[in-house]
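Undergrad: Have a look at this one before I ask anything.
Taken together, the values in this text are just the output of simple stated rules run on the coordinates, not laboratory data. Worth saying up front: this structure is predicted, and the values here are computed from it rather than measured. FYI the Cβ positions are ideal-geometry reconstructions off the backbone, even for glycines, and counts take in every protein chain you see.
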Amino acid sequence: MDGTTVEQFGTDEEFQQALVELANDFAPRRFAICEEHGDRIDGEVFAWGLAFTEGALVCDDARSLTGHFRDAGSAVRLFARTGRRLRLIWIDSPRPGGGCA
């Protein structure tokens, strides 16, 4: 720093609570990309994802498939091009005031 003193933010407990609120307000929204087998005969999770305001991260359980996408829907569209019947399943509810989607 440049030598200026910066005042601490409240007590340790108040600072902790502020960080918890910050993390909750900006947490990514979880989703799954599920694959349908047959005509609603069976299904499985094809990949898991985290949706941030500026994009989405996707990976499968084996970590052999990972990627960064514009949004969750674009990941589903890309992987569906192979003929897979995929569905986007949101695990977390949308946050009040927008949040990550």
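Undergrad: Tally Lys and Arg at +1 and Asp and Glu at -1 over the other residues with C-beta under 11 Å from the C-beta of residue 76: what net charge comes out?
TA: Charge balance in the 11 Å sphere: +3.
Undergrad: Suppose only helical runs count, i.e. DSSP H with n ≥ 4. What mean residue ellipticity at 222 nm does that imply for the chain under -39500 (n - 2.57) per run, divided by all residues and rounded to the nearest 500 deg cm²/dmol?
TA: Values: 2 runs with 24 residues, N = 101.
Here the helix-only value at 222 nm equals -7500 deg cm²/dmol.
Undergrad: Helix 12-26: angle to the longest alpha-carbon principal axis of the chain, degrees 0 to 90, nearest 10?
TA: 30 degrees
Undergrad: Going out from 0 in 10 Å bins, what whole percent of all Cα-Cα distances in the chain drops into each bin?
TA: All Cα pairs, binned at 10 Å, distribute as 14, 34, 23, 15, 9, 4, 1 percent.
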